[in-house]
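The values are calculated or read from the model by the stated rules, or taken from the named source; none is laboratory data. Worth saying up front: this structure is predicted, and the values here are computed from it rather than measured. Cβ coordinates were reconstructed from backbone atoms using ideal geometry, including for glycine residues, and neighbour counts include every protein chain displayed.
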Amino acid sequence: MSYNISDKQKLYVILGDVIASRRIEDKEAFQRKLEKVCLNVNRNFREDIYADFKILKGIDEIGGVLLNIASFYRILNTMLEHFYPYSMRFALVLII
């Protein structure tokens with residue numbers, strides 16, 4: 001899906017990082033899980049997404065861009081539930 005960004009369009013970049021990713025024992029399985037979660041979020045929250053969530057680096061960083069923050073907490077909660085017992089930290093950046 002593509003959108004035209006107006007001069008006053010606000011976008012929200014979400015970056016996530018797995019805490020203590022060096023402790024992940026089965027890295028291949030975890031990466032498959034990460035890919036699956038990104039696809040799930042992209043499908044279930046597509047109305048709010050400007051750029052799909054995807055793996056940015058290795059198996060421990062993801063990112064995506066939202067059109068609005070209406071679903072921000074639901075997206076984070078979805079990801080955190082899937083990654084338990086591992087923890088993630090997130091950053092939300094407003095792009096004007």
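Conditions tested, residue by residue: (1) crowded, with 16+ Cβ neighbours inside 10 Å; (2) at pLDDT below 95.
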site: ARG23; (1), (2): no, yes
site: GLU35; (1), (2): no, yes
site: ARG43; (1), (2): no, no
site: LEU76; (1), (2): yes, yes
site: MET79; (1), (2): yes, yes
### Task
State yes or no: is VAL93 surrounded by 14 or more Cβ atoms within 10 Å (Cβ to Cβ) and either polar (S, T, N, Q) or modelled with pLDDT of 90 or more (or both)?
no
### Query
In segment 56-74, how many residues are exposed (fewer than 14 other Cβ atoms within 10 Å of the Cβ) and farther than 17 Å from ASN44 by Cα?
3
### Task
State which residue pairs qualify: first residue within 20 Å of LYS10 (Cα to Cα) and inside segment 32-55, second residue of a type in the set (D, E, K, R) and not in a helix (DSSP H, G or I) in any location, beta carbons under 6 Å apart, and separation of 6 or more residues or different chains.
ASN42/ASP52
